[in-house]
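The values are calculated or read from the model by the stated rules, or taken from the named source; none is laboratory data. In this text, all values refer to a predicted model and were calculated from it rather than measured experimentally. Here the Cβ is made from the backbone with ideal geometry for all residues, glycine too, and neighbour counts use every protein chain on show.
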Amino acid sequence: MALVDRLLLGPGPSNAYPEATSALAAPLLGHLDPEFLRILDETCDRLRTVWGTDNARTLPLSGTGSIGMEAGFANFVQPGSVAVIAVNGLFGERMVDVAGRYGAEVVRVDHDWGQPVDVARVLAAHGSPDLVAAVHAETSTGARSDIGALARAVHERDSNALVLADCVTSLAGIEVAADEWGIDIGYSGTQKCVGVAPGLAPFTVSERAWQRRVPNPPTWYLDLGMIGDYVTGADGGGRTYHHTAPVAMIASLHAALGRIVEEGLPEVYARHAAAGARLQEGLTELGLELFAEEGYRLPELTTVWVPDGVSSAEVRGVLLDDYGIEIGAGVGKFASTVWRIGLMGHNARLDRVELILAALRRVLG
Ligand code: PLP
């Protein structure tokens, strides 16, 4: 198979940090080898740093971001639970689907796509929900929501409700402060700002949520109690095998997180902010119009209207074939009218921005 090298400036996967790619070439270790367990423990420590949490249950789940979503609902809702879900794009919509499959009585709060989550409307949707869920960075629209304000408002009104946040496109790109904000359950994916290939879902659970998890969830693979007995060790006991840990992926995540922590989280966020701002400024200079609501635009994922009379697919094809650059189409009813341009992790750099702007300038002529 020919190796093709692309600049991945779509909604993810993004090009991995070089440290993450090199780590994939290291010799495999057994999943119970003490050296691997040291790497796993350190990975969980590093995940605590990027999540902004002291949660003991902070770990990489085996699978992509959607596994995090699935584990979040499977372990924290059951038939009869009321789950209020903010829907302002595709991934809020997916939460509704997943929560319903695990028996939750879902109260959905719809928003126009491109808008942030409206905290007051979510709060007003139900007086005493068991769980309130929202997406921090909606990859389908490029909008950022204030999860801190949402979680604070939920907890101030009702000490029982758990807050579940999708941080797939936010973790290690923009600030996530799980403890300070009051996120009870958070999940992410490795292929975006975390800068690793797709395949793991960084996950964190607060102590109070852990105490309230569904005791015998209708999924064996995603039973957090059983997974926790391997990853973090059983309460008062040692580690027990659950499923074979994807050791190479965890070594790769360990390396990427090492790089992120070494660079410093404020510096990583500043790098994403600077790249996103320059891209959005440059697209505007090209005469293009941004899609997501001003003031709520993500630096790591920019959405922009396709100009009138231009074929979205044709431009994306030329960018891929002639320039080796991938950008994303829009989603749903915006599939052919919006482009999505990602600057995530290793790609959150000004040189990448100037490349895509120069290519677009030429292609749009
Ligand atoms: N949530 C958000 C916000 C996402 O952007 C994605 C993927 O793009 C997912 C969930 C699902 O993750 P995955 O496709 O890795 O399963």
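State which residue is farthest from the chain's Cα centre (by Cα) when the search covers only segment 150-171 and only residues that are of a type in the set (Gly, Ala, Ser) and within 14 Å of the ligand (Cβ to nearest atom). Can you show your working first?
Step one: list which residues in segment 150-171 are of a type in the set (Gly, Ala, Ser), which gives 151, 153, 159, 161, 165, 170.
Applying the additional criterion that residues be within 14 Å of the ligand (Cβ to nearest atom) yields 165, 170.
Values: ALA165: 9, SER170: 5 Å.
Per the criteria, the residue is ALA165.
Residues considered: LEU90, LEU7. Of these, the only one that is touching a residue at least 12 places away in the same chain (Cβ under 8 Å) and either closer than 20 Å to ALA151 by Cα or touching a strand residue (DSSP E or B) at 6+ places or on another chain (Cβ under 6 Å) (or both) is LEU7.
The set of residues in segment 1-44 that are within 16 Å of the ligand (Cβ to nearest atom), assigned to a loop (DSSP other than H, G, I, E, B) and small (Gly, Ala, Ser) comprises GLY10, GLY12, SER14, ALA16. A count restricted to segment 204-225 and to residues that are surrounded by fewer than 20 Cβ atoms within 10 Å (Cβ to Cβ) and part of a helix (DSSP H, G or I) stands at 5. Among residues belonging to segment 10-48 that are within 16 Å of the chain's Cα centre (by Cα) and not small (Gly, Ala, Ser), point out the one that is surrounded by the fewest Cβ atoms within 10 Å (Cβ to Cβ). Looking at the filtered set, the residue picked out is ARG48. Within the option set ARG144, ARG94, being within 12 Å of the ligand (Cβ to nearest atom) and surrounded by 22 or more Cβ atoms within 10 Å (Cβ to Cβ) holds for one residue only, ARG144.
Residues are listed down the side, and each one gets a yes or a no for (1) in contact with a Lys or Arg (Cβ under 7 Å, 6 or more places away or on another chain); (2) surrounded by fewer than 17 Cβ atoms within 10 Å (Cβ to Cβ):
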| position | (1), (2) |
| --- | --- |
| VAL231 | no, no |
| ALA251 | no, no |
| GLY258 | yes, no |
| GLU262 | no, yes |
| HIS272 | no, no |
| LEU279 | no, no |
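Residue-level check: of (1) of a type outside the set (Phe, Trp, Tyr); (2) more than 11 Å from the ligand (Cβ to nearest atom); (3) crowded, with 23+ Cβ neighbours inside 10 Å, LYS192 misses just (2).
Could you list, in sequence order, the residues of segment 74-93 that are more than 17 Å from PRO116 (Cα to Cα) and either in contact with a Phe, Trp or Tyr (Cβ under 6 Å, 6 or more places away or on another chain) or not in a strand (DSSP E or B) (or both)? Quick ask: steps written out before the conclusion?
Step one: of segment 74-93, the residues more than 17 Å from PRO116 (Cα to Cα) are 74-83.
ALA74, ASN75, PHE76, VAL77, GLN78, PRO79, GLY80, SER81 - these are the residues of segment 74-93 that are more than 17 Å from PRO116 (Cα to Cα) and either in contact with a Phe, Trp or Tyr (Cβ under 6 Å, 6 or more places away or on another chain) or not in a strand (DSSP E or B) (or both).
Would you check if ALA71 is within 16 Å of the ligand (Cβ to nearest atom) and closer than 18 Å to PRO202 by Cβ? Yes. Annotation: of all residues in segment 52-82 being among the aliphatic types (A, V, I, L, M), in contact (Cβ under 8 Å) with a residue 60 or more places away in the chain and in contact with a strand residue (DSSP E or B) (Cβ under 7 Å, 6 or more places away or on another chain), the one that is surrounded by the most Cβ atoms within 10 Å (Cβ to Cβ) is VAL77. Every test in (1) over 23 Å from GLY182 (Cβ atoms); (2) in contact with a Leu (Cβ under 8 Å, 6 or more places away or on another chain) is passed by VAL77 save one, and that test is (1). Cβ separations smaller than 6 Å between residues 6+ apart or across chains give the following pairs from segment 13-31 residues that are outside the structural domain of ALA329 (by the TED database) to residues that are exposed (fewer than 13 other Cβ atoms within 10 Å of the Cβ): LEU29/GLU35; HIS31/THR244.
Answer with yes or no whether SER66 is polar (S, T, N, Q), within 16 Å of the ligand (Cβ to nearest atom) and not in a loop (DSSP other than H, G, I, E, B).
Working: polar (S, T, N, Q): yes; within 16 Å of the ligand (Cβ to nearest atom): yes; not in a loop (DSSP other than H, G, I, E, B): yes.
So SER66 passes the test.
Go over the candidates LEU253, LEU257, LEU279 one by one and state the one that is over 30 Å from PHE36 (Cα atoms) and touching a helix residue (DSSP H, G or I) at 6+ places or on another chain (Cβ under 8 Å).
Numbers: LEU253 fails: over 30 Å from PHE36 (Cα atoms); LEU257 fails: over 30 Å from PHE36 (Cα atoms).
Answer to the check: LEU279.
Determine which member of the set ALA134, ALA197 is surrounded by 24 or more Cβ atoms within 10 Å (Cβ to Cβ), within 16 Å of the ligand (Cβ to nearest atom) and of a type outside the set (D, E, K, R).
Working: ALA197 fails: surrounded by 24 or more Cβ atoms within 10 Å (Cβ to Cβ).
Exactly one residue qualifies, and that residue is ALA134.
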